[in-house]
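See structure below.
The values are calculated or read from the model by the stated rules, or taken from the named source; none is laboratory data. Here the structure is a predicted model, which means the values were calculated and not measured. So basically every Cβ, Gly included, is an ideal-geometry build from the backbone, and we count neighbours across all protein chains shown. Heads up: the accessible areas ignore ligands, DNA and RNA and are worked out on the full protein's heavy atoms, side chains in. Shrake-Rupley method; radii C 1.70, N 1.55, O 1.52, S 1.80 Å.
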Amino acid sequence: MAAMLSVQLGSALSVGLISAVGPAGTAWLRLSMGALILLALARPPLRAIRRRDVPAVLGLGITTGVMTVSFLAALERIPLGTAVAIEFLGPLTVAAVRSHSRKALAWPALALLGVVLLTEPWHGAVNVPGIAFAALGAVGWATYILLTQRIGDRFTGIGALSLTIPIAAGMAAVVGIPQAVGNLTPGVLAAAAGLAILLPVLPFALEMLALRRMTPMAFGTLMALEPAFGVVLGLLVLHQQPSAAQIAGILLVVLAGAAAQRGG
């Protein structure tokens, strides 16, 4: 629960930095600061890397960068709760497919209905680029889960992050540096360092401790609350007031996320 709170608080507080250096610039700064912190905590296990590990390590790093940039680009355009709910369709679909049951595919469909209620297209004010960036984040999150499992078989703990986060920062730098250049003040750098602690450093440590004490399915069930945390932090920090239909939509997404874990 603390990890989810840290993730969504970090996302909500990133909005101010986005206005200063853009979404890609924010992603680059946050990932770069996170990489420096992780490298200070752990030495990358470079000697343990085998040739067959390289594609997965590079793929996970690039995926992390794309996912971070796309989510922040979505956050610039649509409410936090909506962006998280759309992005959550990625891991939810992975969980449903892994259950090897056709009935389980009903849960992503239910979550998609919840997303429709969140975006309220009947009002005619749908932010298509924002939804597209969030959808790209959903694909990235799904890919991230698959690659993380593969990397987790070879590297554990902070060592894995010390390999992949610097790669993610390098990927984000391609589009982030042009956005951020000229706006790098001491205040911006300090804010980026603080946000890097909230995401990814602190959540990873907390999630690692949680996974030592509960089954992956129990962990996944609790993670279904992530979109709800997004709505609450969006309301408290960004003053994004959800409508009754949007509240119903987020409840459907949370229900679908928890139900998708029932096979475990």
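Per residue of the chain, what 222 nm ellipticity follows from adding -39500 (n - 2.57) for every DSSP H run with n ≥ 4, rounded to the nearest 500?
Value at 222 nm, helices only: -26000 deg cm²/dmol.
Rank these by accessible area, largest first, 1.4 Å probe: R30, R51.
Largest to smallest exposure gives the sequence R51, R30.
Express the accessible area of segment 91-172 per residue in Å², computed with a 1.4 Å probe while the remaining protein chains stay in the model.
Per-residue accessible area for segment 91-172 comes out at 51 Å².
Bin width 5 Å, origin at 0, all Cα-Cα pairs of segment 46-137: what percent of pairs per bin?
3, 13, 18, 17, 15, 14, 10, 5, 3, 1, 1, 0
Compute the distance in nm between two label points, each set 7 Å from the Cα along the Cα-to-Cβ direction, one at T185 and one at Q149.
A separation of 4.6 nm, rounded to one decimal place.
Using r as the Cβ-Cβ distance of K103 and I247, and R0 as 22 Å, what FRET efficiency do you calculate, to the nearest 0.05?
Here the calculated transfer efficiency is 0.25.
For segment 218-257 and segment 1-44, what is the separation of their Cα centres, given in Å?
21
Leaving ligands and nucleic acids out of the surface, order H100, H239 by accessible area at 1.4 Å, largest first.
Most to least solvent-accessible, the answer reads H100, H239.
Rounded, prolate or oblate for segment 165-264? Axes are the square roots of the Cα gyration tensor eigenvalues, ordered a ≥ b ≥ c, and the cut-off for rounded is a/c under 1.5.
Since a/c reaches 1.5 but b/c is at least a/b, the shape of segment 165-264 is classed as oblate.
From the gyration tensor of the Cα coordinates in the chain, what semi-axes in whole Å does the equivalent ellipsoid have, largest first, with each one equal to sqrt(5λ)?
Rounded to whole Å, the semi-axes are 27, 24, 16.
Could you give the length gained on full extension between R52 and V116, defined as 0.36 nm per residue of separation minus the Cα-Cα distance, in nm?
18.9 nm
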